[in-house]
Protein chains: 2
Amino acid sequence: MTNDKKTRVSVDIYGQTYNMVGSESSSYMRQVASVVDGKMKEISDRNAALDTAKIAVLAAVNSVHENIQLQDEIKQLKIELRKMKG
Amino acid sequence: MTNDKKTRVSVDIYGQTYNMVGSESSSYMRQVASVVDGKMKEISDRNAALDTAKIAVLAAVNSVHENIQLQDEIKQLKIELRKMKG
């Protein structure tokens, strides 16, 4: 195996270990994992009866919702920029 | 029970029904659910051995990664706008 410049990092998300491979830095990948871990803990704190799969699905739902909001914000900022550039 | 203006919608994500409650429209909530469902199907297509919880965690990881990229883009657009406003 040659060094293919991929970052390999082992992260813990909600008590489970994941071996992640990516082109980003290991600290970035740990940051992403830590955000997901935090979201899952927050959801399980509010809904003690949920199993891990549902908690993870709700964490994904929450992230996708944020995603759509951010995309809207980008759209607005681009409109504003275009107006200023005349 | 009084009508409290919350939207209640039943969505299907990766073969499981979720009763979602939120302040957004039901079509928006369905859109979010459909994005999560699509991400999970894509991940399971690439990794047949993963269980639902892991697929959902990876969908959340993917979304949080996208979120961080979008937040970076917003930061850059705001810097650009600030420069133009002088």
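The values are calculated or read from the model by the stated rules, or taken from the named source; none is laboratory data. These numbers come from a predicted model, not from an experiment. All Cβ positions, even for glycine, are placed from backbone atoms using ideal geometry, and neighbour counts span all protein chains on display. Just so you know, the surface numbers come from the protein's heavy atoms only, side chains and all, with ligands and any DNA or RNA stripped out. Shrake-Rupley method; radii C 1.70, N 1.55, O 1.52, S 1.80 Å.
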* **Failed condition for A:His65, given (1) under 21 Å from B:Gly38 (Cβ atoms); (2) at the interface with another protein chain (Cβ under 8 Å from one of its Cβ atoms); (3) in contact with a strand residue (DSSP E or B) (Cβ under 7 Å, 6 or more places away or on another chain)** => (3)
* Output the residues belonging to segment B:44-53 that are assigned to a helix (DSSP H, G or I) and at pLDDT below 95. => B:Arg46, B:Thr52, B:Ala53
* Would you pick out the residues in segment A:71-86 that are farther than 21 Å from B:Glu66 by Cβ and either assigned to a helix (DSSP H, G or I) or open to solvent by less than 80 Å² (accessible area, probe 1.4 Å) (or both)? -> A:Ile79, A:Glu80, A:Leu81, A:Arg82, A:Lys83, A:Met84, A:Lys85
* Qualifying residues in segment B:25-46 (those that are open to solvent by 10 Å² or more (accessible area, probe 1.4 Å) and either in contact (Cβ under 8 Å) with a residue 40 or more places away in the chain or small (Gly, Ala, Ser) (or both)) - the one farthest from B:Val9 (Cα to Cα) -> B:Ser44
